[in-house]
Amino acid sequence: MSDDRLTISTVSLANFKQRVLLAASNGRFAAMTAYRNDDQMFYIEVVVSSRSEINLIRASLELNQKNYPSLSPQIPAAIWYEREIHDTYGLIADGHPELSPLVSRPTECFKLGRLDKNDADIRGSKVMGNVRGEGVFSIPYGPVRSGVFESIEYRVYSFGEDIPLVEIRPYYKRRGVASCFEKMTVEDGVILAERVEGTLSVAHATAYCQGLEQLSSTRPPKIAELGRVILAELERIANHLDTMVRHTEAAGQAIAYARLSFSKERIMRLRSLLSGSRFSRGIVVPGGLNAPLALSPMAIITAITDIENIMLSDIEALMTTPSFLDRLRNTGKITVAEAAKTGAIGPIARASGSYEDIRGTRPYGGYRYLGFNLAPPMYQGDALARALVRIEEIRQSLHLIRQAADEIAEINPASLNPESWRCNLEIKDGLVVSSVESPQGELLYHLEVSNKKLKRVWVRCASFHNMALFPTAFKGDILTDFAFIEASFGLCIAGVAG
Amino acid sequence: MPWITRGLRNGIVTTRYPRRRDGYGEGFRGAVVVKGYLSDQASGISSVPIADRSEPGSLQAEHRLARQLELLCPTNAIRADSDVVRVDRGSCILCGRCVAERGDIFAFDPSIEVAALSRSLLFVPELTDLEHEREHLREQLGKKVYSLRRSIYVRHIDLGSDGAEEWEIAALNNPVYDIARLGIFFTASPRHADILLATGVGASNMVDPALRTFEAMAEPKIVIALGTDAISAGIFQRSDPAANGIASILPIDLWVPGSPPSPLSIRSAIFLAVDLLPKAKVKEKERR
């Protein structure tokens with residue numbers, strides 16, 4: 001049985017845009033990509049996801065045709081995707097505000113003839129319009145940044161304190177993940193998936209494996225699916241704690257920083273005790289888990305309770321510290337309308353009035369056995385709301401881990417037989433779009449298997465989708481707010497750059 | 001005010017390493033080793049013969065086995081010929097496939113002191129005749145860092161990592177590892193930095209920023225390649241544009257395998273780089 005109902009519709013290029021707009025009016029524009037098939041034709045694909053199903057709309061371009069109608073004027077979320085397609089394949093979206101380089105270096109784009117000579121200086125986007133005027137200067141943050149951060153360049157335009165525009169250049173650390181997948185065997189693919197976004201290894205491995213499982217209509221054993229839930233929720237707690245730690249660091253809350261990073265370290269240690277890896281790598285495999293969780297359900301619950309007491313008490317103290325809250329309140333505001341317009345996902349969306357959480361809307365894997373109640377969203381849309389949403393999610397995660405551990409205990413308390421955690425999986429050909437709720441939001445794996453080999457793997461990381469929203473968050477915020485806004489987005493740059 | 005008393009709760013949580021062993025580090029999946037296959041425990045890890053030559057047809061069987069072992073590894077970290085099986089830790093991403101499939105030959109080692117002074121020292125069991133090289137490198141590095149012993153400033157640079165290495169580096173600041181108490185600090189400016197911690201596969205777009213960062217550092221300066229990705233690009237060896245680690249971009253003094261290396265590994269690597277690791281410790285490590 002298939003988890004996500006996938007509907008693939010192939011339409012002509014003339015009807016393409018109309019078809020996408022129709023689908024998007026009943027769902028959410030989730031992703032867009034292009035590819036070149038064996039017949040040398042280019043195809044454009046759009047994924048629209050709704051509560052009950054995933055729609056894949058595909059249109060082919062004529063041979064030697066490079067243009068297709070841009071979706072961006074009606075669907076702002078498509079702006080980055082169309083820029084990425086332009087960078088990668090040189091396809092031109094007619095009507096796009098500006099197809100400036102995003103994931104390729106501007107000089108490279110120029111070499112490939114995808115950039116005018118006039119634009120070939122090192123310039124990023126001007127999608128929001130150029131900022132010019134007396135006293136306007138630009139501050140490059142990155143790619144080598146102050147502190148231990150991933151490489152990315154933010155170019156901040158300012159005329160003193162206010163920030164009217166932020167440009168984002170994520171291309172520095174591009175590793176070419178998609179091209180790497182094509183050279184992998186189906187079994188090795190999961191190892192690469194774990195390293196697309198290293199901090200989200202479980203989410204990626206689960207999405208990848210789930211895709212293969214859907215293709216062969218196999219469900220892993222219940223115990224394995226519940227084990228994946230425990231690993232995934234611990235990953236979520238670690239990621240959410242990491243954003244909190246970065247907030248406290250930016251606010252100079254030294255003790256809170258020490259306390260919360262101590263809790264994060266304990267979570268990481270628990271993860272390594274469960275799976276032998278601090279990032280839970282190498283345990284989620286197609287067909288289930290390749291080893292039983294190394295701790296008994298009772299031991300997991302005890303460990304969680306131990307960590308929870310200290311962690312939640314510290315967080316509560318932090319969220320009543322006025323000097324800290326002042327930095328978050330009204331910082332980096334994203335209105336409900338903006339979040340809806342750009343199809344935001346994950347905690348960012350849930351802080352701006354969205355119920356979008358596919359653990360609740362389209363439950364997958366172990367979540368089907370557990371009572372998962374969607375928390376009501378926040379509406380303020382500022383950094384404080386995002387922090388509160390994440391704290392609530394930490395609580396939910398703790399609850400889910402307990403539930404899953406209880407369920408495992410009920411299945412077979414003495415189950416240490418590795419065989420019962422994994423089923424045999426026969427690789428089948430086909431196309432599937434697999435989705436999981438990563439800590440940053442909905443993660444999509446678009447897998448095509450042909451002749452039992454990976455033909456095409458396209459990963460849409462939540463961070464890529466949400467990053468396009470980042471410049472929108474600067475409204476009357478000043479330079480010192482930058483660190484808070486960035487931390488509150490909690491993005492993984494590796495996933496943005498690809 | 002409530003934060004002050006809160007800060008004192010839970011007592012001291014900081015690890016005693018390197019003065020004493022760290023229990024957590026001991027239980028950690030740090031590296032892959034080749035086990036003594038003939039169960040000669042006394043010799044520890046040594047070159048492992050993979051077949052008994054006296055049997056007829058053993059040569060083909062040897063070759064077949066060698067090939068099988070090499071194919072186990074998704075990143076070509078296993079080098080087997082008719083005499084020896086070696087693991088190149090610089091390519092090993094700790095996926096554990098070899099340990100799962102051939103537990104008789106490969107095993108996980110809880111070692112946290114995995115850093116090596118040259119690329120060729122990352123092979124286990126060790127390539128022969130490296131004793132001299134190691135001594136030489138250690139001496140050279142010792143001379144280079146002589147002036148750096150008390151307070152060391154570290155600058156991190158990401159050349160295309162997966163983001164996990166950054167977490168583990170940042171973890172060094174948490175109270176469990178707390179490297180500031182040992183006189184090691186992170187700095188924002190490469191001008192102040194003594195050590196460059198470089199992570200990532202060596203993405204081509206980062207070459208210029210990396211070189212500029214390196215040039216901005218004052219002498220003496222040390223570059224640490226952190227993580228298997230940085231050493232050999234790991235699973236990204238097959239990516240396009242091709243990546244092969246950062247050795248082709250920066251001159252590397254110290255190689256730290258791991259995917260990602262644990263905070264304890266990173267810290268012991270920094271100690272090794274600035275010659276702070278107690279000598280006995282190093283000896284013990286070398287015996288391994």
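Coordinate-derived values only; no laboratory data. Source: prediction; values computed, not measured. We place every Cβ from the backbone using ideal geometry, glycine too, and count neighbours over all the protein chains shown.
Residues in region A:338-349 carry Karplus couplings, in order, of 5, 5, 5, 4, 8, x, 4, 10, x, x, 4, 5 Hz; the curve used is 6.51 cos²θ - 1.76 cosθ + 1.60 with θ = phi - 60°, and Gly or Pro positions show x.
Label-to-label distance for B:VAL207 and A:ASP306 is 5.0 nm, based on points extended 7 Å past Cα in the beta-carbon direction. Rounded to a whole number of µm²/s, how large is the Stokes-Einstein D of the protein assembly as shown at 4 °C and 1.567 mPa s, given Rh as the Kirkwood radius over C-alpha pairs? Value of D from the Cα-based Kirkwood radius: 48 µm²/s. A simple charge model with +1 on the Cβ of Lys and Arg, -1 on the Cβ of Asp and Glu and nothing else charged puts the dipole of region B:114-163 at about 460 debye relative to its Cα centre.
Take the Cβ atoms of B:GLN68 and A:LYS341, set R0 to 56 Å, and the FRET efficiency comes out at 0.50.
Under 20 Å from a label point 7 Å along Cα→Cβ of A:ASP429: give me every residue in region A:457-472 with its amide N that close. Those under the cut-off are A:457-458. The tail of the calculated P(r) for region A:377-498, taken as Cα-Cα distances beyond 25 Å, holds 51 percent of the pairs.
Think of it as helices only: each DSSP H run of n ≥ 4 in chain A is worth -39500 (n - 2.57), and spread over all residues that comes to -12500 deg cm²/dmol at 222 nm. Using the Cβ-Cβ distance between A:ASN37 and B:ILE12 with R0 = 60 Å, the FRET efficiency computed as 1/(1 + (r/R0)^6) comes to roughly 0.45.
For region A:256-315, a/c is not less than 1.5, where a ≥ b ≥ c are the root eigenvalues of the C-alpha gyration tensor, and a/b tops b/c. That puts it in the prolate class. Over the C-alpha atoms of region B:104-168, the Rg to Rh ratio, Rh being the Kirkwood estimate, stands at 1.04.
Look at the stretch B:198-205: the mean tally of other chain Cβ atoms within 10 Å of its residues' Cβ atoms is 6.
Ranking A:PRO164, A:GLN440, A:THR10 by how far each Cα lies toward the positive end of the dipole of chain A (charges on Cβ) leaves A:THR10 at the top. Between B:ILE4 and B:ALA107, the FRET efficiency from the beta-carbon distance, with R0 = 56 Å, is close to 0.75.
Here region A:177-497 is assigned +1 on the Cβ of each Lys and Arg and -1 on the Cβ of each Asp and Glu. Its dipole about the Cα centre then comes out at about 380 debye. The charge dipole of region A:5-108, taken about the Cα centre with unit charges on the Cβ atoms of Lys, Arg (+1) and Asp, Glu (-1), comes to about 380 debye, rounded to the nearest 20. Converting the Cα gyration tensor eigenvalues of region A:188-279 into ellipsoid dimensions via √(5λ) gives semi-axes, longest first, of 31, 13, 10 Å. Under the shape rule built on the C-alpha gyration tensor, where the axes satisfy a ≥ b ≥ c, region A:177-497 is oblate, since a/c reaches at least 1.5 while a/b does not exceed b/c. Across the options B:LEU272, B:ILE169, B:ALA225, the greatest Cα extent toward the positive end of the charge dipole of region B:131-287 (unit charges at beta carbon of Lys, Arg, Asp, Glu) belongs to B:LEU272.
Taking amide H positions as modeled 1.01 Å from N, with prolines and chain starts lacking one, the residues under 5 Å from A:ILE92 and 5 or more places away or on another chain are A:ASN67, A:TYR68. Taking 7 Å steps out from each Cα toward its Cβ at A:TYR379 and A:ILE139 produces label points 3.4 nm apart.
Fully extending the segment from A:MET298 to A:ASN64, taken as 0.36 nm per residue of separation minus the present Cα-Cα distance, adds 78.0 nm. When the listed pairs A:LYS341/A:LYS428; A:LYS17/A:LYS341; A:LYS173/B:LYS221 are checked against a 26 Å cut-off, the alpha-carbon distance exceeds it for A:LYS341/A:LYS428. Restricting region A:57-103 to trypsin sites (Lys or Arg not before Pro) that sit in a DSSP loop and have at most 16 other Cβ atoms within 10 Å of their own Cβ leaves A:LYS66. Under 12 Å Cα-Cα from A:LYS66, which aspartates and glutamates qualify once same-chain neighbours fewer than 8 residues away are excluded? Candidates past the 8-residue exclusion: A:ASP94. Loop only by DSSP, 13 or fewer other Cβ within 10 Å of the Cβ. Give me the trypsin sites (Lys or Arg not before Pro) in region A:406-498 that pass, ordered by residue number. Qualifying residues, ordered by number: A:LYS452. I need to check one value: relative contact order of chain A, counting alpha carbon pairs closer than 8 Å and at least 6 residues apart, in percent. Over chain A, the number comes to 18 percent.
Projecting the Cα positions of A:PRO220, A:ALA409, A:TYR367 onto the charge dipole of the protein assembly as shown (unit charges on Cβ atoms of Lys, Arg, Asp and Glu, taken about the Cα centre) puts A:ALA409 furthest along the positive direction.
Taking a ≥ b ≥ c as the square roots of the Cα gyration tensor eigenvalues, region A:255-362 comes out oblate, since a/c reaches at least 1.5 and a/b does not exceed b/c.
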